[in-house]
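Here's the structure, in structure tokens; my notes come after.
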Amino acid sequence: MVIRSVWIAIAISVMAVPAMAQQRPLVTEDPETVGVNRVLVEGGMEFDKSQAYPAYGLTGDVTHGPTVGVSVGISPNAELQVDWGLLQRLHVTSQKIAPLSGTLRFDGDNVSSLEDLTVATKLRLLSENEQHPGFGIRFGTKLPTSSKSSGLGLGTTGTSYIFLGCILALVTFLSITKRDQSPAAPETA
């Protein structure tokens, strides 16, 4: 019985293949908003190794920074977010032929550009309590600011301008009507 278990364990170990998964830690957004009439300003830097840009056939190490994020609370359940990086720099470690590799215009192994601007709206749909976690939705668009000839951006928007218009219309609607706010509880004496 023991020998059989050992053989099964060996067979499972031999057949194991590495798992292909997404980045760690997982990028998640807290569903809680910053609050009405509050502004949150965040900053930081990021270094990513062996990043692939398949449209241009580039692979390399990327440094982002400084990055800036501003979140403005427009109601108890909604906020407007703007995120932007002042600089992204790619140290190219390999290059191959790809669909857009002919548009590249840089010399050497390093290229830098502005990062794309992201405009988003976050809506809290359900607050966290003892029975369940909080739940929210964030939708936005990425507006191109990086140069297409640098290989660090495609020069296209992540979504359409119609979607961006819908975000701005929703923010304006919630700011004016206050429809997402709960009515104030009556005071007891």
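The values are calculated or read from the model by the stated rules, or taken from the named source; none is laboratory data. Because the structure is predicted, anything quoted here is derived from the model rather than measured. For neighbour counting, all protein chains shown are included, and Cβ atoms are generated from backbone atoms with ideal geometry for every residue, glycine included.
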Revision key, fill the gap. In region 111-126, anything under 22 Å from Val70 (Cα atoms) and not acidic (Asp, Glu) is listed as Ser113, Leu114, Leu117, Thr118, Val119, Ala120, Thr121, Lys122, Leu123, Arg124, Leu125
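Residues checked against (1) in contact with a Lys or Arg (Cβ under 8 Å, 6 or more places away or on another chain); (2) in contact (Cβ under 8 Å) with a residue 40 or more places away in the chain; (3) within 22 Å of Asp30 (Cα to Cα):
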{"residue": "Ile74", "(1), (2), (3)": "no, yes, yes"}
{"residue": "Leu90", "(1), (2), (3)": "no, yes, no"}
{"residue": "Ser94", "(1), (2), (3)": "no, no, no"}
{"residue": "Ser101", "(1), (2), (3)": "no, yes, no"}
{"residue": "Glu115", "(1), (2), (3)": "no, yes, no"}
{"residue": "Lys122", "(1), (2), (3)": "yes, yes, yes"}
{"residue": "Gln131", "(1), (2), (3)": "no, no, yes"}
Practice item. Considering only region 35-65, state which residues are loosely packed, with under 11 Cβ neighbours inside 10 Å and either in a loop (DSSP other than H, G, I, E, B) or of a type in the set (D, E, K, R) (or both). Key: Asn37, Lys49
Revision key, fill the gap. Within region 158-189, of all residues that are among the hydrophobic types (A, V, I, L, M, F, W, C) and part of a loop (DSSP other than H, G, I, E, B), the one modelled with the highest pLDDT is Ala184
Revision key, fill the gap. Scanning region 66-105 for residues that are assigned to a loop (DSSP other than H, G, I, E, B), in contact with a helix residue (DSSP H, G or I) (Cβ under 9 Å, 6 or more places away or on another chain) and surrounded by fewer than 17 Cβ atoms within 10 Å (Cβ to Cβ) gives Arg105
Review point. Just to be sure, is Glu29 at pLDDT below 85, under 28 Å from Leu164 (Cβ atoms) and either among the small types (Gly, Ala, Ser) or surrounded by 11 or more Cβ atoms within 10 Å (Cβ to Cβ) (or both)?
Key: yes
